[in-house]
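The structure appears right after this line, and notes come after that.
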Amino acid sequence: MNKFVEEIVKILKDKISLSSEKIEALIEVPPEEKFGDYAFPCHILSKELKKPPQEIASKLSSELKPKELIEQIYPIGPYINFKVNREKFAEYVLQDIYEKNLDYGLDTQGKRKTIVMDYSHPNIAKPFGIGHLRSTVIGNALYNIFRKLGYEAIRINHLGDWGTQFGKVIAAYKMWGEEKELSSDPIATLYDLYVRFHREVEGRPELEEEARRWFKKLEDGDSEALGLWEKFKNYSLEEFNRIYKMLDISFDSYAGESFYNQFIEKTIDKMNKMGLTEISQDALIVNLEKYGMPPCLIRKKDEASLYATRDICAAIYRYETYHFHKALYIVGSAQKLYFQQLFKVLELMCYPWANNLVHVDFGWVKFKQVMMSTRKGNIVLLEDVLNKSIDLALKIIKEKNPDLENKEKVAFDVGIGAVIFANLFTRRNKDIDFDWDKVLNFEGETGPYVQYTHARLCSLIRKYGQPVENQVYFKSLSTEEEHRLIKRLEDFPRRIKSSAREYDPALICSYLIELASLFNRFYQKERIITENVESTKARMLLVKAVQTIIKSGLSILGIKSPEKM
RNA sequence: GCGCCUAUAGCUCAAUUGGAUAGAGCAUCGGACUUCGGAUCCGAGGGUUGAGGGUUCAACUCCCCCUAGGCGCGCCA
């Protein structure tokens with residue numbers, strides 16, 4: 001709570017029969033500037049006082065006295081509106097940002113709390129598609145957000161490196177694969193094999209059996225199977241790391257599915273002893289009918305393990321290793337039911353922390369033309385998307401800023417930033433329409449727009465050519481545009497918290513668009529560097545603050561902030 | 001068949017989680033000071049918030065019922 005809201009609470013407290021906390025929670029920021037800076041809605045008082053809220057608002061307003069931070073108090077309809085002293089407000093906010101710099105918005109709410117995050121999790125032997133990008137960038141942004149709030153965060157890349165699919169790939173490789181081809185272009189070769197398998201299995205159902213046998217061999221530690229698997233895995237990791245490097249994303253642990261094999265027997269034993277399991281149609285299951293869910297399969301009739309089995313082990317291992325306060329699974333919403341089952345099973349196993357598991361689900365990435373399904377073989381490769389975006393950025397730079405020195409590097413940052421921003425911009429529960437025209441449009445509500453604004457701010461700072469000071473004449477920063485900008489700056493820490501609460505980086509995206517657009521409007525209307533020394537100094541402090549917050553916000557999203565572009 | 005999610009301007013999305021006159025971008029049309037970056041800014045048109053009912057001071061938001069689309073529902077992950 002800032003000290004302006006604090007003062008409003010103080011002013012209201014004597015006149016209203018509500019606790020300070022309640023009053024604070026009710027205070028809101030009006031939707032439009034002309035209503036004021038803060039407002040208190042009087043609706044809830046009307047029952048108690050038996051009067052219409054409008055009347056209460058107007059009566060109370062006349063009784064309340066402005067103080068030093070709050071200059072005006074007046075009613076509009078059922079609201080009591082407050083206007084802050086703009087000079088004091090500007091000083092309060094800008095000093096704070098000046099001092100804290102990129103640490104503005106740091107918080108201690110997560111102190112000594114660990115949050116474990118499972119995201120990205122690409123499948124070995126399959127290309128890194130655009131579908132995995134969403135999990136990857138949401139996870140990365142949430143990691144930054146929680147770190148900012150003081151949490152200890154652990155990034156886990158739960159590689160899809162185990163399962164029947166490897167039976168398929170091995171079987172296919174044994175039938176049609178060649179070492180030479182594999183070593184020259186590993187992922188594409190493996191992927192082709194995978195696709196071919198699915199094509200041929202339609203006419204030859206016995207292949208399915210063959211694949212199952214290979215997976216069983218793998219689980220039993222057969223050396224040939226294991227050797228192939230390891231080879232495939234290493235090749236795949238090389239490719240993934242190339243992508244992670246482009247995105248500048250890293251992980252604390254790459255413990256994939258295969259890692260948890262060692263715990264499977266013990267875990268299943270425990271479940272059996274607790275009486276949770278039963279045999280049904282030759283498979284081992286946990287019956288969840290009581291909870292309105294289909295059963296959770298633990299072991300197949302051929303004794304091979306399943307995804308759920310390994311995930312149960314993983315959750316237990318993670319708790320024992322990290323003692324997490326929360327564990328997030330950043331996985332598409334197609335798996336919603338699955339995670340409900342998983343969490344329920346863990347709850348039935350009497351782990352109290354089962355309540356702290358969260359499925360952070362997100363919508364599909366849909367394509368206008370081609371639907372992507374790794375089984376059928378249509379897929380948009382993330383690397384292609386990134387490269388295409390970088391190329392376009394380079395083209396635009398050559399047109400607009402031919403003298404820029406390190407064009408390639410900047411084009412890289414802008415191109416990647418555009419893709420990340422576009423992926424994060426839509427609220428995560430919604431599907432995204434993947435549309436090349438949109439992704440490659442760098443105008444309007446896009447990453448490059450925010451980056452451009454940042455570059456413009458940096459350019460001003462360069463032009464100014466002297467250090468920005470924090471002792472300025474704050475009263476000169478009280479025009480409508482300046483005040484709105486400063487209010488938006490002050491909102492940054494709150495946005496980070498909301499974003500964490502909702503596990504959604506999209507809130508930071510729209511915040512940055514709002515901030516950048518407010519600044520651009522101000523920039524267009526007012527000249528910043530002028531003959532007037534006092535005004536220039538004050539405005540440069542504002543410029544510096546906006547630049548700092550944009551940079552900080554972009555970095556939370558995992559996007560670079562070039563100083564020129 | 002059952003369950004979950006989604007539906008807001010021509011298109012893509014917002015809306016402080018039940019609050020003040022539902023806002024942006026793209027696209028379209030019309031504009032912007034011979035100095036700070038035009039990837040910018042200003043203006044215009046464009047809406048029965050899928051349809052219908054209900055709850056209350058107040059509904060895009062909550063409840064019910066339809067309609068359309070997506071996803072999921074036993075040996076994939």
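The values are calculated or read from the model by the stated rules, or taken from the named source; none is laboratory data. Note that the structure is predicted; figures quoted are calculated from it, not measured. Note that each Cβ is placed from the backbone with ideal geometry, even for glycine, and that neighbours are counted across all protein chains shown. Quick note on the areas: whole protein, heavy atoms, side chains included, nothing else; ligands and nucleic acids left out. Shrake-Rupley method; radii C 1.70, N 1.55, O 1.52, S 1.80 Å.
Descriptive notes on the structure:
- Conditions (1) near RNA strand B (Cβ under 10 Å from one of its atoms); (2) open to solvent by 40 Å² or more (accessible area, probe 1.4 Å); (3) in contact (Cβ under 8 Å) with a residue 40 or more places away in the chain; number of the one not met by A:Thr479: (1)
- Pairs are defined by a Cβ separation below 7 Å, a sequence spacing of at least 6 or placement on different chains, a first member in segment A:446-472 that is surrounded by 16 or more Cβ atoms within 10 Å (Cβ to Cβ), and a second member that is of a type in the set (Asp, Glu); the pairs so defined are A:Tyr449/A:Glu443; A:Ala455/A:Glu563; A:Cys458/A:Glu563.
- Breaking point among (1) surrounded by 17 or more Cβ atoms within 10 Å (Cβ to Cβ); (2) at pLDDT 95 or above, for A:Val385: (2)
- Those helices (runs of 4 or more DSSP H) of segment A:368-483 in which 3 or more residues are within 17 Å of A:Leu133 (Cβ to Cβ) occupy A:382-400, A:407-425, A:436-439.
- When A:Ser498 is tested against (1) under 28 Å from A:Ile138 (Cα atoms); (2) open to solvent by less than 30 Å² (accessible area, probe 1.4 Å); (3) in contact (Cβ under 8 Å) with a residue 12 or more places away in the chain; (4) in contact with an Asp or Glu (Cβ under 9 Å, 6 or more places away or on another chain), just one condition goes unmet, and that condition is (3).
- Checking A:Ile330, A:Ile316, A:Ile249 one by one, the residue that is open to solvent by less than 10 Å² (accessible area, probe 1.4 Å) and β-branched (Val, Ile, Thr) is A:Ile330 and no other.
Conditions (1) farther than 30 Å from A:Val410 by Cα; (2) without any contact (Cβ under 8 Å) to a residue 60 or more places away in the chain; (3) of a type outside the set (Lys, Arg), marked per residue:
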{"site": "A:Pro186", "(1), (2), (3)": "yes, yes, yes"}
{"site": "A:Phe197", "(1), (2), (3)": "yes, yes, yes"}
{"site": "A:Glu200", "(1), (2), (3)": "yes, yes, yes"}
{"site": "A:Ala211", "(1), (2), (3)": "yes, yes, yes"}
{"site": "A:Phe215", "(1), (2), (3)": "yes, no, yes"}
{"site": "A:Glu219", "(1), (2), (3)": "yes, no, yes"}
{"site": "A:Asn234", "(1), (2), (3)": "yes, yes, yes"}
{"site": "A:Lys245", "(1), (2), (3)": "no, yes, no"}
{"site": "A:Ser250", "(1), (2), (3)": "no, no, yes"}
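- Every residue from segment A:12-32 that is near RNA strand B (Cβ under 8 Å from one of its atoms) and in contact with a strand residue (DSSP E or B) (Cβ under 7 Å, 6 or more places away or on another chain): A:Glu28, A:Val29, A:Pro30
This table checks each residue for (1) within 8 Å of RNA strand B (Cβ to nearest atom); (2) of a type in the set (A, V, I, L, M); (3) open to solvent by 10 Å² or more (accessible area, probe 1.4 Å); (4) modelled with pLDDT of 95 or more.
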{"position": "A:Ala506", "(1), (2), (3), (4)": "yes, yes, no, yes"}
{"position": "A:Asn520", "(1), (2), (3), (4)": "yes, no, yes, yes"}
{"position": "A:Lys525", "(1), (2), (3), (4)": "yes, no, yes, no"}
{"position": "A:Asn532", "(1), (2), (3), (4)": "no, no, yes, no"}
{"position": "A:Leu542", "(1), (2), (3), (4)": "no, yes, no, yes"}
{"position": "A:Ala545", "(1), (2), (3), (4)": "no, yes, no, yes"}
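- Out of A:Glu208, A:Glu202, sole residue that is closer than 25 Å to A:Asn261 by Cβ, over 34 Å from the mean Cα position of the chain (by Cα), surrounded by fewer than 17 Cβ atoms within 10 Å (Cβ to Cβ) and within 16 Å of RNA strand B (Cβ to nearest atom): A:Glu208
- Qualifying residue in segment A:45-53 (condition: surrounded by 14 or more Cβ atoms within 10 Å (Cβ to Cβ) and modelled with pLDDT of 90 or more): no
Quick grid of which residues meet (1) among the polar types (S, T, N, Q); (2) at pLDDT 90 or above:
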{"position": "A:Phe4", "(1), (2)": "no, yes"}
{"position": "A:Lys10", "(1), (2)": "no, yes"}
{"position": "A:Ile16", "(1), (2)": "no, no"}
{"position": "A:Tyr38", "(1), (2)": "no, yes"}
{"position": "A:Leu60", "(1), (2)": "no, yes"}
{"position": "A:Leu64", "(1), (2)": "no, yes"}
{"position": "A:Gln72", "(1), (2)": "yes, yes"}
{"position": "A:Tyr79", "(1), (2)": "no, yes"}
{"position": "A:Val84", "(1), (2)": "no, yes"}
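- Restricting the search to helices (runs of 4 or more DSSP H) fully inside segment A:33-124 and requiring at least 3 residues that are within 10 Å of RNA strand B (Cβ to nearest atom) gives A:43-49, A:53-63.
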